[in-house]
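Chemist: Please find one structure pasted underneath; my questions will follow.
The values are calculated or read from the model by the stated rules, or taken from the named source; none is laboratory data. Since the structure is predicted, the reported quantities are computational estimates derived from the model, not experimental observations. Neighbour counts are summed over all protein chains in view; Cβ atoms, including those assigned to glycine, are modelled from backbone coordinates with ideal geometry. Keep in mind that these areas ignore ligands, DNA and RNA; they rest on the heavy atoms of the full protein, side chains included. Shrake-Rupley method; radii C 1.70, N 1.55, O 1.52, S 1.80 Å.
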Amino acid sequence: MSVVRIGPYTLPNQLILAPMAGVTDQPFRQLCRRLGAGLVVSEMVSSDVRLWNTRKSSLRMIHSGDPEPRSVQIAGGDPAMLAEAARRNVEMGAQIIDINMGCPAKKVCNKAAGSALMKDEELVSAILDAVVKAVDVPVTLKIRTGWDRSNKNGLTVAKIAEQAGISALAVHGRTRADLYTGEAEYDTIAAIKQAVTIPVFANGDIDSPHKAKAVLAATGADALLIGRAAQGRPWIFREIAHYLATGKELAAPTLYEIERILLEHLSALHAFYGDVMGVRIARKHVGWYLATLPGAQEFRTDFNRLDSTDAQYTHVRQFFAERHNKDNEVAA
């Protein structure tokens, strides 16, 4: 297994939790790290520091107790604002700054941020130079393969990034126009890996240990970013790590372990966000955890109506108790 370095930091493995807005909050980052992620990246924060006073933004910032190295993703389209946002995040404890040029969301792209920036290579260069000069911590960059399929300039942007002093580059194997549809392609990531000397991380559709191994082989990437596949399945990191290290598949978590992880996650969400917001945010996570289990759809409909932390715990325990009993009946 190759050693992954980002500036002065050596990661314990090749697996990185990709930043996802509304998902990779502190409770989820800590959980994924415990379950085998080598690095976790915080949710995207705006480069407009005037917006940081909101409760939503303050919860997205770095917090004490976050596992090191602490990586924060910033988004925006103005070099000076991004440089200032990077400086401020470092003052607050960020140890790696990640710049988002990979998000395809309309509300991000319409502001000339995220993957929209890839249209303007001069602006890309100005942003990267400004942010790298502004801080003395490693700066990483997340891009897509291009703007659309006839404008795949990922390779050019990767070379600009290397020139600017970017410490590592993550590439999602889709263009901005692809959003999250179709299948990710890895040829462009492989070409970028060949063309630059900085670490390159592959991203897109990595949803199993076998796929992880295949993507590493296809791209030659130094590490993998895993995003949507970790939703409701944070143990995917230890499963992939085990398979890459041994070639053998790790047994799937038992129903009892899934229950324990989910209840711990629920407790952390309630503690971090408080009762009202915690209850609301828990709904999507619980839905993801239970999505593949029988009876999940009906349970979710009821669960989403609950408005107290106690009721959420009780319902989750009851859901699992019914399934434990069924398993025992089968075993008997």
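Chemist: Hey, among L290, L255, which residue is crowded, with 17+ Cβ neighbours inside 10 Å, within 30 Å of G38 (Cβ to Cβ) and touching a Phe, Trp or Tyr at 6+ places or on another chain (Cβ under 7 Å)?
Modeler: Within the list L290, L255, the selection yields L290.
Chemist: If the requirement is being modelled with pLDDT under 90 and assigned by the TED database to the domain that holds F28, which of these qualifies: S57, S71?
Modeler: On the way: S71 fails: modelled with pLDDT under 90.
The unique qualifying residue is S57.
Chemist: Out of Y313, Y243, Y273, which single residue is closer than 25 Å to L17 by Cβ, of a type in the set (S, T, Y) and surrounded by fewer than 19 Cβ atoms within 10 Å (Cβ to Cβ)?
Modeler: After ruling out the rest, the residue left standing is Y243.
Chemist: Is it the case, given these coordinates, that V40 is part of a loop (DSSP other than H, G, I, E, B), within 13 Å of the chain's Cα centre (by Cα) and in contact (Cβ under 8 Å) with a residue 12 or more places away in the chain? Don't jump to the end; show me each part of the working.
Modeler: Working: part of a loop (DSSP other than H, G, I, E, B): no; within 13 Å of the chain's Cα centre (by Cα): yes; in contact (Cβ under 8 Å) with a residue 12 or more places away in the chain: yes.
The answer is no for V40.
Chemist: Look at A229 and say whether it is hydrophobic (A, V, I, L, M, F, W, C) and not assigned by the TED database to the domain that holds L293.
Modeler: yes
Chemist: Just checking, does the range 228-239 include any residue being touching a Ser or Thr at 6+ places or on another chain (Cβ under 6 Å) and at pLDDT 95 or above? Show your work before the answer.
Modeler: Narrowing the range 228-239 to residues touching a Ser or Thr at 6+ places or on another chain (Cβ under 6 Å): none.
Checked against the condition, which is being touching a Ser or Thr at 6+ places or on another chain (Cβ under 6 Å) and at pLDDT 95 or above, the range 228-239 yields no hits at all.
Chemist: Examine the range 282-300 for a residue that is of a type in the set (G, A, S), closer than 25 Å to R323 by Cα, free of Cβ contacts under 8 Å to residues at least 60 places away in the same chain and in a loop (DSSP other than H, G, I, E, B), and state whether such a residue exists.
Modeler: yes
Chemist: Then there's this: Taking interchain pairs and intrachain pairs at least six residues apart, which have beta carbon atoms under 7 angstrom, with the first residue in the range 241-266 and farther than 28 Å from A223 by Cα and the second modelled with pLDDT of 95 or more and open to solvent by 60 Å² or more (accessible area, probe 1.4 Å)?
Modeler: Close Cβ pairs satisfying both conditions: none exist.
Chemist: Right, next: Is it the case that R260 is closer than 30 Å to L39 by Cβ, among the charged types (D, E, K, R) and in the same structural domain as V40 (by the TED database)?
Modeler: No: the conditions fail for R260.
Chemist: Looking at the range 147-189, which of its residues are within 21 Å of the chain's Cα centre (by Cα), outside any strand (DSSP E or B) and among the aliphatic types (A, V, I, L, M)?
Modeler: A158, A161, I166, A177, L179, A184, I189 - these are the residues of the range 147-189 that are within 21 Å of the chain's Cα centre (by Cα), outside any strand (DSSP E or B) and among the aliphatic types (A, V, I, L, M).
Chemist: Give the range 13-37 a look and list any residue that's crowded, with 22+ Cβ neighbours inside 10 Å, assigned to a loop (DSSP other than H, G, I, E, B) and touching a residue at least 40 places away in the same chain (Cβ under 8 Å), or say none.
Modeler: Q14, A18, P19, A37
Chemist: Return yes or no: is D222 open to solvent by 60 Å² or more (accessible area, probe 1.4 Å) and in contact with a helix residue (DSSP H, G or I) (Cβ under 9 Å, 6 or more places away or on another chain)?
Modeler: On the way: open to solvent by 60 Å² or more (accessible area, probe 1.4 Å): no; in contact with a helix residue (DSSP H, G or I) (Cβ under 9 Å, 6 or more places away or on another chain): yes.
Judged against the criteria, D222 is not a match.
Here is a yes/no grid of residues against (1) polar (S, T, N, Q); (2) more than 25 Å from R228 (Cβ to Cβ); (3) at pLDDT below 95:
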{"site": "Q14", "(1), (2), (3)": "yes, no, no"}
{"site": "R34", "(1), (2), (3)": "no, no, no"}
{"site": "I62", "(1), (2), (3)": "no, no, yes"}
{"site": "A83", "(1), (2), (3)": "no, yes, no"}
